[in-house]
Structure formats: C-alpha cells, structure tokens
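Bear in mind these aren't lab numbers, they're just calculated from the coordinates by the rules spelled out. These numbers come from a predicted model, not from an experiment. Quick reminder, even Gly has a Cβ in these numbers, built from the backbone with ideal geometry, and neighbours come from all protein chains shown.
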Amino acid sequence: MLTIHLEDNGRSARVGLSSAPAEKAAAPLEQVTSAGRIKRVQALNGQNPLTSVTPAQLIEGDPELDLQSAGRLMRDATAVYLDPTAEQPVIATEFKDVEVVYTPDGQEKERRARVYRTANVDLTAPLKIVRRLPVKECLTRFVFRGMQQLVHTDGLTFDFLYNLAKSLQESQSMALLGSGPKGTGPLVLRDGGLPFRAFLYGEAKGAGENASYQLLLLLSDQELKRPAAPAPSTP
C-alpha cells in the first residue's frame, strides 16, 4: 500500500492509498479439463517474420513457421525495441524516449525529451489543497485516468479523513491537490511515473461509532478545452 503525506486546515497526516474496491466482487473463475486445471503461461508462437516470400516457397515448405521455437515457454522476458528500418529484426540500442504534446484539436504541438520523475506524495513537505472547485465543473472539465482511495491507519487518521470527506460533501466540491513547498507541482505516485493533477472527492455519513467515509483521489492528465474557432472564409 502506498502512503501519502496530506495537509488540511493546518493539520497533516500520513495516510494509506490503495485501489478502490469493486462495487461487486467478481466470482472466481476456474477452468478445468479432463487433464486437470488450466494454467496460463507465455509461449512463443513459432512465427517467422517474412519480408518477401514466393508461392513456390510456401508450396514446398513452411517458411513462416519456426518449429524449433514454437511452444517454447517464455521466462523472465523483457520488452525490447526493434529497428523498423532493418531488413531482419534487430534490437535498437540507441534511442530516446520522447513525450509528444498535442493541441486540443489533435495536432502535434511539441516533442521533448522524457523526464524521469521520482515519487513526491510522501515527502517532508505534505501535499496541499490548492483550491476547491465545484464537483460538476471538475467532472466536465477534466479527463480522469485513474482513481485511488485514501484509507486511515488509526483513529487519528480516521478522524482526519472523515472531517475532510464531510467538508467536501457539504460544500459539493472537489479539492485540487498540489505538491512541493507551495503546492504548485503535480503529483507523481511512483518513481518513473507520469505527473497528474489530483482531485479529492469525499462522502461521509453517520457520527460516533457509526461514522463512515469514502475519500477518492482522482487523477487527470488532460483538460477539456474547446478548440479555437476557425477563421471565417473569404468569399
């Protein structure tokens, strides 16, 4: 379970972060045959890439099949990049990771070197609530790519998260979080991960021993913007 350091109303706490539970638990699925239980494995399909082949070669044999490797189990496999310009598959050893930025109408705007980012959600400086926005505005303005759930680890963190969730529910708002000393940076959950804008959505009910809450962290990397109106055509 991940841990994040969060601040609200002059109080800060380290709380857990986990995947939100499914509304309905999926029934376990087990596939069994007369030979026993089915187990998933990764195996080579024995297919040879063919750049060119003649009908005679296909009639005389099976050049597209590698019968020596077909069915061989794959263990400790890692992803590789292949050179698309090579006649035969060649592993590309010299390449650069780039990030491509697009305009609202889908046109490429910029290419830049990919930056390796380290996680910043559990540092000495806690995540800060930058501002609160109406729930309707957030849901219609941003595209959310992921969702995590904040969970308490003891009675103090329960009280902290319950009060935060209750205040968000009463104000019908979502809290925009920011990282860094001033809370102006995006959130990076894991080393090497992508930066996200993060919003808190909360619900709370009950009081005392019957109190309960749900506090969700919604992650967005895209804002919905209307494309610029086309220039009027000249008659």
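Miscellaneous remarks
- Nonlocal amide H pairs with Arg117, under 5 Å, H built at 1.01 Å: Gly192, Gly193
- Region 138-187 and region 60-136: distance between their alpha carbon centers, rounded to Å: 29 Å
- Here the Karplus relation 6.51 cos²θ - 1.76 cosθ + 1.60, evaluated at θ = phi - 60°, turns the backbone of region 183-191 into coupling constants of x, 9, x, x, 9, 10, 6, 9, 4 Hz, with x for every Gly and Pro.
- FRET efficiency for the Glu223 to Met1 pair, using the beta carbon distance and R₀ = 25 Å, is estimated at 0.25.
- Thr93, Thr103 arranged by Cβ crowding within 10 Å, fewest neighbours leading: Thr93, Thr103
- Shape call, region 28-86: gyration tensor on alpha carbons, a/c limit 1.5: oblate
- Only one residue of Pro126, Thr54, Gly10 has its Cα farthest out toward the positive end of the dipole of the chain, where Lys and Arg carry +1 and Asp and Glu -1 on Cβ, and that residue is Gly10.
- If R0 equals 35 Å, the separation of the Cβ atoms of Thr103 and Thr78 corresponds to a calculated FRET efficiency of about 0.50.
- Rounded if a/c under 1.5, otherwise prolate or oblate - region 1-133, Cα gyration tensor axes: oblate
- Here the relative contact order of region 1-79, from alpha carbon pairs under 8 Å that lie six or more residues apart, stands at 23 percent.
- Listed by chain and number, the lysines placed with their C-alpha closer than 17 angstrom to that of Lys182 are Lys128; residues fewer than eight positions away on the same chain are left out.
- Of the trypsin sites (Lys or Arg not before Pro) found in region 43-115, those that fall in a DSSP loop while having at most 15 other beta-carbon atoms within 10 Å are Arg72, Arg75, Lys96, Arg114.
- Rounded to the nearest 20, the size of the Cβ-charge dipole of the chain about its Cα centre is 920 debye, with Lys and Arg at +1 and Asp and Glu at -1.
- As a rough footprinting exposure proxy, the listed residues Lys205, Lys225, Lys166 were ranked by other beta carbons within 10 Å of their own, and the order from fewest upward is Lys225, Lys205, Lys166.
- Remark: the Val135-Val90 segment gains 11.1 nm on full extension, using 0.36 nm per residue and subtracting the alpha carbon distance.
- Cα-based shape type of region 103-200, given that a ≥ b ≥ c are square roots of the gyration tensor eigenvalues and the cut on a/c is 1.5: oblate
- Taking all Cα pairs closer than 8 Å and separated by 6 or more residues, the relative contact order of region 21-180 comes to 16 percent.
- At q = 0.12, 0.16 Å⁻¹, base-10 log of I(q)/I(0) for the chain (Debye sum, equal scatterers on each alpha carbon): -0.93, -1.16
- Crossing angle, helix 155-171 versus the chain [Cα axis fit, 0-90 degrees, rounded to tens]: 90 degrees
- Gaussian network model of the chain, Cα within-10 Å springs - most flexible of Leu189, Leu44, Leu224: Leu44
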